Amino acid sequence: MSLLNVTELLGGKQFLGRELENKMDFFEVGNRGLTKESVMHLANYLDLSQHEIAKLLSISIRTLQRYKTEQYINSVTSEHVLKLAETITKGVDVFGSKEKFVNWLPHPNLALANKRPIYLLESQYGIDMVLDELIRIEYGVFS
């Protein structure tokens, strides 16, 4: 059973306009774009500042600040946010709590070439590596 779902993490149905139940929903929401409000909901969940979430999304802080609360961000950044949200929900499920997962993120991980998982979340390849590591942890396979 999932402790958290992506819809909740991005502010719920009120921010997204729908539940995210399958890959087609993710595709459609990603194509339309997420609002800055959804992005900031994710940042608040992780206790990240605007500077930190902008860095994670590889956008400038000025770009993030220019978006109005209900304005849609571009589809590339929206898809990145959706992948982040999926990774976070998986991490919370694997670790059993938000606190344990958030505590794991900033620490170097031997299986990730001693990189901090939070650092790897800045790219799609990094997200894939973190997801792979979470699956290994879930199944008790440590490298």
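The values are calculated or read from the model by the stated rules, or taken from the named source; none is laboratory data. Worth saying up front: this structure is predicted, and the values here are computed from it rather than measured. With ideal geometry, Cβ positions are generated from the backbone for all residues, glycine too; neighbour counts draw on all protein chains shown. Keep in mind that these areas ignore ligands, DNA and RNA; they rest on the heavy atoms of the full protein, side chains included. Shrake-Rupley method; radii C 1.70, N 1.55, O 1.52, S 1.80 Å.
Out of 62, 116, I need the residue that is open to solvent by 90 Å² or more (accessible area, probe 1.4 Å) and touching a Pro at 6+ places or on another chain (Cβ under 7 Å). Which one?
Only one candidate qualifies: 116.
For segment 34-58, give me the residue count where each residue is more than 15 Å from the chain's Cα centre (by Cα) and in contact (Cβ under 8 Å) with a residue 12 or more places away in the chain.
Step one: of segment 34-58, the residues more than 15 Å from the chain's Cα centre (by Cα) are 51.
Applying the additional criterion that residues be in contact (Cβ under 8 Å) with a residue 12 or more places away in the chain yields none.
Residues flagged as more than 15 Å from the chain's Cα centre (by Cα) and in contact (Cβ under 8 Å) with a residue 12 or more places away in the chain within segment 34-58 amount to 0.
When you scan segment 87-108, do you find a residue that is in a helix (DSSP H, G or I), within 15 Å of the chain's Cα centre (by Cα) and more than 20 Å from residue 47 (Cα to Cα), even just one?
The answer is no, given that none of the residues of segment 87-108 is in a helix (DSSP H, G or I), within 15 Å of the chain's Cα centre (by Cα) and more than 20 Å from residue 47 (Cα to Cα).
Residues are listed down the side, and each one gets a yes or a no for (1) surrounded by 17 or more Cβ atoms within 10 Å (Cβ to Cβ); (2) without any contact (Cβ under 8 Å) to a residue 24 or more places away in the chain:
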{"residue": "80", "(1), (2)": "yes, no"}
{"residue": "89", "(1), (2)": "yes, no"}
{"residue": "92", "(1), (2)": "yes, no"}
{"residue": "96", "(1), (2)": "no, no"}
{"residue": "104", "(1), (2)": "yes, yes"}
{"residue": "111", "(1), (2)": "no, no"}
{"residue": "126", "(1), (2)": "yes, yes"}
{"residue": "138", "(1), (2)": "no, no"}
{"residue": "142", "(1), (2)": "no, no"}
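Looking at segment 92-143, which of its residues are among the charged types (D, E, K, R) and over 23 Å from residue 76 (Cα atoms)?
Matches in segment 92-143: 93, 98, 99, 100, 115, 116, 133, 136, 138.
Looking at 31, 22, 74 in this structure, which one is surrounded by 12 or more Cβ atoms within 10 Å (Cβ to Cβ) and farther than 20 Å from residue 119 by Cβ?
After applying the criteria, what remains is 74.
Looking at segment 66-73, is at least one residue in a helix (DSSP H, G or I) and under 18 Å from residue 5 (Cβ atoms)?
The answer is no, given that none of the residues of segment 66-73 is in a helix (DSSP H, G or I) and under 18 Å from residue 5 (Cβ atoms).
Test residue 77 against the stated conditions and say whether it is assigned to a helix (DSSP H, G or I) and touching a Ser or Thr at 6+ places or on another chain (Cβ under 9 Å).
yes
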